[in-house]
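Novice: Here's a structure for you.
Quick note: the coordinates plus some simple rules give every number you see, no bench work behind them. As the structure is a prediction and not an experimental result, all values here were calculated from the model. Don't worry about glycine lacking a Cβ; one is built from the backbone with ideal geometry, like all the others, and counts go over all protein chains shown.
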Amino acid sequence: MRVAMIGTGYVGLVSGACLSEFGHDVICVDKDQAKITALEAGQIPIFEPGLDEVVAANVKAGRLSFTSDLKKAVPGADAVFIAVGTPSRRGDGHADLTYVFEAAGEIAQSLDGYTVVVTKSTVPVGTGGKVRDIIAKARPDVDFDVASNPEFLREGSAIEDFRRPDRVVVGCEGERAKKVMREIYRPLYLHETPILFTSRESSELIKYAANAFLATKITFINEMADLCEKLGADVQDVARGIGLDGRIGNKFLHAGPGFGGSCFPKDTLALLKTSQDAGALTHIVDAVVKVNDARKIAMAEKIERAFGGVKGKTIAVLGLTFKPNTDDMRDAPSLVIVPHLQKAGATIRGYDPEGTKEARKHLDLTYCSEAYEALSGADGVVILTEWNEFRALDFARVKGLLKSPLMVDLRNIYRPDQMAEEGFIYVSVGRATRKPA
Ligand code: NAD
């Protein structure tokens, strides 16, 4: 199959590279010329484990190429995927579909022969219909279908997620479009990946419902964590105890500083707006958004309490990205917590293994080139992101570098008993604070 991927960001680049690995001929398009120039020179503009190898192998095999000229990619393609950004619209939280509609207009100009135009971007219910109208109006002469194929990959494990998804969801009408989509995902039949065909509307909603449900799980366990702290229970035990119930499942039950990232915050907000507009308000999602927003501030206040006030204090912050194994800073909890601490008078020394370049665009702090450098002379340390390299810190060295052995761990990466034994005042989430004996 010949595939054009419009938008070569986190989703477009991973999807394009993996579809070429499936054996398809893929051209990835981006209007950001700098991105295309970098890719043509063999550089990967984002940090995503394993992506460089997949891109390099498939470019070498002649199945994957890049261009900033959409007109070179669309003619002759069996499927044209739209994988452009759908950020929150400023002010009202609706998904901003400007990039999707622009892409649809540009695609329309270059269509020839039967093509399936596929929205891979996360888009509100009804967007596929609007894309169809844009194309039909611009090009009444062309033969095409519009399908919805939401993406469920997670940054940090995107390649594996694309290669072995739990399911593929396709929303489309008509056998011709189904046939093309089936053919594109045929390589997954080997893993017996379920391919779920639905209406376009259901497919569009599945993506939002999935993200809202996962965000709800995280928010639920975060509230349980607060309750645990009041009642003397341990949220890790509670999460394990409920997660072993097959009806609940153990994933997304890790208490922390609130969800962030490029999807959950904007998608819960967009679903909320959709539900308001439809006159069927999703009260649970409404509560999730509010609780999660409040949580980031609550976590900053928790840090303030742990430090006995932060005015004039220096705080080492380990981890700035919204989760490990990505350089993505979009809606990261650090973007709320760090400025809050700075406003309260703290000096921040920060370190992130891969996120520094992105973080610099948003946070003004002292950036360090490794964890121990950030700790040097600080009054205490805060763990904001659970990068692997923070899981095995040399405790003696940490204590030697800090002015006082205070660790606030918002990701619960250590065992409280062990930290007390190691001589730390250890504050975590949903578990009792421990002090050295
Ligand atoms: P991104 O911002 O990383 O990438 C979008 C790219 O599209 C940019 O490089 C931009 O220059 C390009 N672009 C915009 N308009 C264009 C046009 N007309 N022609 C060519 N290129 C154009 O965004 P992303 O994180 O990859 O997300 C893309 C979509 O996928 C969003 O709807 C998002 O909600 C969804 N999604 C993201 C994830 C994730 O983990 N990032 C997961 C699942 C779904």
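Novice: Among residues other than TYR367 whose Cβ falls under 15 Å from its Cβ, what is the net charge (Lys/Arg +1, Asp/Glu -1)? Kindly include the intermediate steps, with their values, before the conclusion.
Specialist: Numbers: positive: ARG349, LYS357, ARG360, LYS361; negative: ASP327, ASP352, GLU354, GLU358, ASP364, GLU370, GLU373.
Local charge sum for TYR367: -3.
Novice: Excluding residues on the same chain fewer than 8 positions from LYS403, give the lysines whose Cα lies under 25 Å from its Cα.
Specialist: Counting by Cα, and skipping residues close in sequence, LYS403 has these lysines nearby: LYS302, LYS311, LYS313, LYS343, LYS435.
Novice: Put +1 on the Cβ of each Lys and Arg and -1 on the Cβ of each Asp and Glu in the chain; which of THR86, GLY309, VAL289 then has its Cα farthest toward the positive end of the dipole?
Specialist: Result: GLY309, furthest along the dipole toward the positive end.
Novice: Can you work out the FRET efficiency for the pair ALA298 and LYS399, with r the C-beta to C-beta distance and R0 = 25 Å, to the nearest 0.05? Intermediate results must be reported in sequence, preceding the final value.
Specialist: On the way: r = 28 Å, r/R0 = 1.12.
Calculated value: 0.35.
Novice: To one decimal place, what orientation-averaged projected area in nm² is obtained for the convex hull of the Cα set of the stretch 2-197?
Specialist: Here the figure is 10.7 nm², rounded to one decimal.
Novice: Out of the stretch 338-432, which GluC sites (Glu not before Pro) are coil in DSSP terms and have no more than 14 other C-beta atoms within 10 Å?
Specialist: Numbers: sites: GLU354, GLU358, GLU370, GLU373, GLU386, GLU389, GLU421, GLU422; in loops: GLU354, GLU370, GLU386, GLU422.
Passing both the DSSP loop test and the Cβ count: GLU370.
Novice: Students often get this wrong: which residues of the stretch 249-269 have the backbone nitrogen under 19 Å from the point 7 angstrom along Cα-to-C-beta of HIS191?
Specialist: 251-252
Novice: In the neighborhood of ARG397, defined by Cβ-to-Cβ distances under 12 Å, what is the net charge if each Lys or Arg adds +1 and each Asp or Glu adds -1?
Specialist: Result for the local shell: -3.
Novice: Thinking of the stretch 325-364 as a set of Cα atoms, what percent of all their pairs are more than 11 Å apart?
Specialist: Numbers: 504 of 780 pairs.
I get 65 percent for the Cα pairs in the stretch 325-364 exceeding 11 Å.
Novice: With charges only on Cβ, +1 for K and R and -1 for D and E, what is the dipole size of the chain about its Cα centre, in debye, rounded to 20? Working shown, then result.
Specialist: Numbers: 55 positive and 59 negative charges, 135 e Å.
Using only the charged Cβ atoms, the result is roughly 640 debye.
Novice: Would you please name the trypsin sites (Lys or Arg not before Pro) within the stretch 52-128 that are DSSP coil residues with at most 12 other C-beta atoms within 10 Å of their C-beta? Let's see the in-between values first.
Specialist: Numbers: sites: LYS60, ARG63, LYS71, LYS72, ARG89, ARG90, LYS120; in loops: ARG63, ARG89, ARG90, LYS120.
Loop-located and lightly packed - ARG90.
Novice: A further question on this structure: When a/c reaches 1.5 or more, the comparison of a/b and b/c decides; with that in mind, is the stretch 292-427 rounded, prolate or oblate per its Cα gyration tensor? If you can, show how the numbers build up before the last one.
Specialist: Numbers: a/c = 1.40, a/b = 1.22, b/c = 1.15.
Verdict is rounded for the stretch 292-427.
Novice: Also: Which residue fluctuates most in the GNM of the chain (Cα springs below 10 Å): PRO75, PRO124, PRO324?
Specialist: In the Gaussian network model the winner is PRO75.
Novice: Quick one: grab the alpha carbon gyration tensor of the chain, order the square roots of its eigenvalues as a ≥ b ≥ c, and give me rounded if a/c is under 1.5, else prolate or oblate depending on whether a/b is larger than b/c. Spell out each step's value before the answer.
Specialist: Numbers: a/c = 2.19, a/b = 1.80, b/c = 1.21.
In terms of gyration-tensor shape, prolate.
Novice: Using only helices, what value at 222 nm comes out for the chain when you add -39,500 (n - 2.57) per DSSP H run of length 4 or more and divide by the total residues, to the nearest 500 deg cm²/dmol?
Specialist: Numbers: 17 runs with 187 residues, N = 437.
-13000 deg cm²/dmol, from helical runs alone.
Novice: When a/c reaches 1.5 or more, the comparison of a/b and b/c decides; with that in mind, is the stretch 208-289 rounded, prolate or oblate per its Cα gyration tensor?
Specialist: Numbers: a/c = 2.26, a/b = 1.99, b/c = 1.14.
Here the stretch 208-289 falls in the prolate category.
Novice: For the chain, take the longest principal axis of its alpha carbons; what is the angle in degrees between that and the long axis of helix 51-60, to the nearest 10 within 0 to 90?
Specialist: With both axes taken from Cα atoms, the answer is about 30 degrees.
Novice: Cα centroids of the stretch 338-366 and the stretch 131-175: how far apart, whole angstrom?
Specialist: The stretch 338-366 and the stretch 131-175 have Cα centres separated by 37 Å.
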